[in-house]
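What follows is a short report on a single structure.
The values are calculated or read from the model by the stated rules, or taken from the named source; none is laboratory data. Fair warning: this is a prediction, and the values are worked out from it, not measured in the lab. Cβ sites come from the backbone with ideal geometry, for glycine too, and all protein chains shown count toward neighbours.
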Amino acid sequence: MVCVTLGAAPASAKIHYRVSLAQPEQHVFHVQMTVPDVRGSLTVALPAWNALYQIRDFSYRLRDLRARAGGATGDGVGLDPLDKQTWKITAPGLHSLGTVEISYAIYWDEPGPFSSDLDANHAFVNFADVLLYVPDRRNEESFVEFTNVPAGWNSAVELPSQGGAGASQGGENAAGSASVTYFAPNYDTLVDSPVRIGNFGESDFTESGAKFRVILIEAVGANSGSADDFVARLKKLVAYELSLMKGPPFTEYTFFFEIGPYGGVGGGGMEHANCTAIAASSEAEAIAVAAHEFFHAWNVKRIRPKKLEPVDYSKEQYTRALWFAEGVTSTYGSYTLVRSGLATQAQFYDDLASQFSQLDSEPARLVQSVEESSLDAWLEGYPLYRAPDRSISYYNKGQIVGHLLDLKIRDLTDNHKSLDDVMRLMFTEYAQKGRYYDESEGVRAAVEQVAGHSFKEFFADYVSGTKEIPYQEFLSVAGLEVHEEQSQNVDPGFYAAPAPGSRWQVAEIEPASAAAMAGLQTGDELVKLDGQELQSNPVRELRRRKAGDRVILEVKREGETRNVQIDLTSGSQKKYTVSESASANARQKRILAGLLHGTTD
């Protein structure tokens with residue numbers, strides 16, 4: 001419903017949002033937006049995407065949009081939709097609308113770091129999901145006031161509060177109900193600063209002159225140790241990455257953790273300039289995700305490809321460099337764990353081998369480059385695209401390419417330089433100078449500057465090309481051996497991909513497989529496995545079973561629930577292992593030590 005009225009509104013020097021949490025059990029945020037000094041008409045919009053490289057059309061959640069303008073006379077104010085996410089507010093015959101007030105309700109009940117969620121226990125808000133913006137006034141300052149905050153709830157966000165520094169706080173508004181107000185210098189900063197409001201534990205520590213806050217919520221049974229032990233592990237990875245990049249690019253940083261029954265659905269991490277939000281099924285998984293997400297404070301949030309700037313919230317933004325922005329961040333997630341002592345060398349080798357095995361299991365590696373995978377990121381929300389014969393992951397191959405670049409740089413410079421030097425150079429030359437790198441060419445230029453050699457062939461073969469990677473050739477410079485074997489495992493006969501609503505969906509079915517014979521169909525929504533709600537990818541779950549086992553999948557198809565009984569069969573898959581060579585020479589051992597400890601000679 002859209003309704004327009006006239007009325008007076010107090011002028012304000014800044015755009016002001018008032019977000020009511022009065023109906024948490026209904027999962028509805030009630031928003032009032034005040035825009036001052038409007039001359040002529042006013043156009044407002046809700047982002048079509050944020051964080052994830054997916055068009056998610058948040059506007060379908062919005063309802064009861066209304067507007068009024070102070071000082072308007074005559075026939076009234078018009079509020080006209082221009083498209084599904086944009087509206088134009090006008091007042092016929094007036095040259096100025098003065099102060100415009102907009103109100104609406106928006107529904108969010110989606111846990112995890114990528115969306116927003118409001119219930120009786122808490123609120124988690126990614127502001128781009130909830131707050132309209134004025135496209136030609138994105139650079140203006142804003143106040144966000146939360147009202148009707150339930151008694152006893154705290155709030156945490158990396159924005160300054162109206163009364164000072166941002167932190168956990170509460171207050172009272174004019175009506176006597178709890179409220180809290182935050183300030184943002186512009187809309188982009190606002191939507192890069194999620195907020196949690198509710199009951200939560202908080203721990204603080206200082207490292208390299210920066211303050212860190214840890215907001216930790218754990219479900220019963222998810223905890224594998226004390227909160228102090230968890231924070232101690234987190235401090236190790238933070239200390240290492242700060243040391244690697246020669247200090248923090250911020251004065252304060254917040255980790256938002258939610259540990260519980262997420263598995264692969266709704267779990268994961270979302271990076272922001274001064275914080276990260278992470279949902280994981282265990283503390284160990286949360287630490288591994290944090291090693292990746294915290295490195296984003298440099299790579300992607302400050303070291304950014306030119307094609308992602310400025311952000312356009314209305315449509316897709318295509319870049320060929322996500323293999324570096326995301327994949328090489330995974331390289332450093334892996335390095336951080338082993339170099340900080342949070343993972344053993346054996347675990348590092350196992351992770352490296354698993355990346356090789358994953359890429360080898362995807363036939364699309366022979367036809368889709370990691371640059372093309374980056375460009376096609378906006379298709380990842382479609383299950384068919386994620387089938388292994390259709391696409392590869394820029395996370396997976398990007399991580400591999402990162403390790404290969406490191407090895408090649410160390411080899412060419414006799415271990416005097418490394419990929420670490422490339423990251424520090426790009427931070428100095430791009431982030432600190434307010435510049436953005438030119439896709440893969442910008443990365444290559446930095447690599448060549450550090451190494452003093454051409455990487456034209458490397459990038460042509462493994463970044464823009466699809467040449468098979470000679471793993472042994474690359475790893476031998478560090479005295480590592482790569483072994484291949486064919487392993488027998490369960491072949492479920494289908495592939496699954498995430499679907500809306502924290503579910504999994506059948507993306508592809510292998511012809512003549514047990515799944516095909518059982519009647520499973522592409523597009524089936526997977527609900528339960530042997531009567532248990534699915535918390536992770538069912539294909540992974542099925543691979544843990546034995547050939548000959550009979551399983552029952554509960555699926556939804558065209559609105560109806562049905563059971564599909566599958567008799568599992570065996571399959572063969574190439575599996576890689578990585579180990580140290582007993583005959584490694586002194587040079588190989590130096591390079592391996594540099595790789596494992598982040599050092600050069």
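For this structure, a couple of remarks:
- Qualifying positions in region 578-601 - surrounded by fewer than 17 Cβ atoms within 10 Å (Cβ to Cβ), in a helix (DSSP H, G or I) and either at positive phi or touching a residue at least 40 places away in the same chain (Cβ under 8 Å) (or both): 587, 589, 596, 597
- Qualifying residue in region 518-530 (condition: of a type outside the set (Asp, Glu), in the same structural domain as residue 561 (by TED's automatic domain parsing) and in a helix (DSSP H, G or I)): yes
- Every condition in (1) in a loop (DSSP other than H, G, I, E, B); (2) closer than 17 Å to residue 593 by Cβ; (3) in contact with a strand residue (DSSP E or B) (Cβ under 7 Å, 6 or more places away or on another chain); (4) not basic (Lys, Arg) is met by residue 341 except one, and the failing one is (3).
- Per-region count, region 375-414, residues more than 19 Å from the chain's Cα centre (by Cα) and either at positive phi or β-branched (Val, Ile, Thr) (or both): 5
- Scanning region 408-425 for residues that are assigned to a helix (DSSP H, G or I) and surrounded by fewer than 22 Cβ atoms within 10 Å (Cβ to Cβ) yields 408, 411, 412, 420, 421, 424, 425.
- Put simply, of 464, 391 the only residue that is without any contact (Cβ under 8 Å) to a residue 40 or more places away in the chain, under 30 Å from residue 509 (Cα atoms), of a type in the set (S, T, N, Q) and out of contact with any strand residue (DSSP E or B) (no Cβ under 6 Å at 6 or more places or on another chain) is 391.
Conditions (1) within 29 Å of residue 212 (Cβ to Cβ); (2) not in a loop (DSSP other than H, G, I, E, B), marked per residue:
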position	(1), (2)
81	no, yes
102	no, yes
105	no, yes
115	yes, no
144	yes, yes
151	yes, no
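- Some residue of region 466-487 being assigned to a helix (DSSP H, G or I) and among the aromatic types (Phe, Trp, Tyr): yes
- Test set (1) surrounded by 17 or more Cβ atoms within 10 Å (Cβ to Cβ); (2) of a type outside the set (Gly, Ala, Ser); (3) within 30 Å of residue 587 (Cα to Cα) - residue 492 fails condition number: (3)
- Residues within region 542-570 that are farther than 12 Å from residue 518 by Cα and among the hydrophobic types (A, V, I, L, M, F, W, C), tallied: 3
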